[in-house]
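Trainee: Can you read through this structure? Questions will come right after.
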């Protein structure tokens, strides 16, 4: 019985890291957008008081428009970004892709 509990506990620890896991981020404010092969967003996440930097994939023009709009109007919007891990098409492993993004009026 104890062994079964340990196996189940170990399996539960792996669930968030499996392909298909989504990661939501909600920015209360955004202070920097840095374009690299992806995009680094720096700002204050909901529930935090200090800025954090989050890396997200590039290439989704509507999401990038939301980010720029948020920089232009500090305190007016909340940016919601969700990424998803999917199986890499080549070479195994996973890659991060966009799942969704939205701009919400506070």
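Trainee: Out of curiosity, is residue 64 outside any helix (DSSP H, G or I) and farther than 13 Å from residue 28 by Cβ? Break it down into steps so the answer makes sense when it comes.
Mentor: Working: outside any helix (DSSP H, G or I): no; farther than 13 Å from residue 28 by Cβ: yes.
Criteria not met by residue 64.
Trainee: Restricting to the range 72-102, what's the tally of residues that are surrounded by 15 or more Cβ atoms within 10 Å (Cβ to Cβ) and in a helix (DSSP H, G or I)?
Mentor: 0
Trainee: Can we say residue 58 is at pLDDT 90 or above, surrounded by 13 or more Cβ atoms within 10 Å (Cβ to Cβ) and in contact with a helix residue (DSSP H, G or I) (Cβ under 9 Å, 6 or more places away or on another chain)? Please lay out each step first, then the result.
Mentor: Working: at pLDDT 90 or above: no; surrounded by 13 or more Cβ atoms within 10 Å (Cβ to Cβ): yes; in contact with a helix residue (DSSP H, G or I) (Cβ under 9 Å, 6 or more places away or on another chain): yes.
Against the criterion (at pLDDT 90 or above, surrounded by 13 or more Cβ atoms within 10 Å (Cβ to Cβ) and in contact with a helix residue (DSSP H, G or I) (Cβ under 9 Å, 6 or more places away or on another chain)), residue 58 does not qualify.
The values are calculated or read from the model by the stated rules, or taken from the named source; none is laboratory data. Computed from a prediction, not measured in an experiment: that's the story for all the values here. A quick note on method: Cβ atoms are made from the backbone with ideal geometry, for glycine too, and the neighbour counts reach across all protein chains shown.
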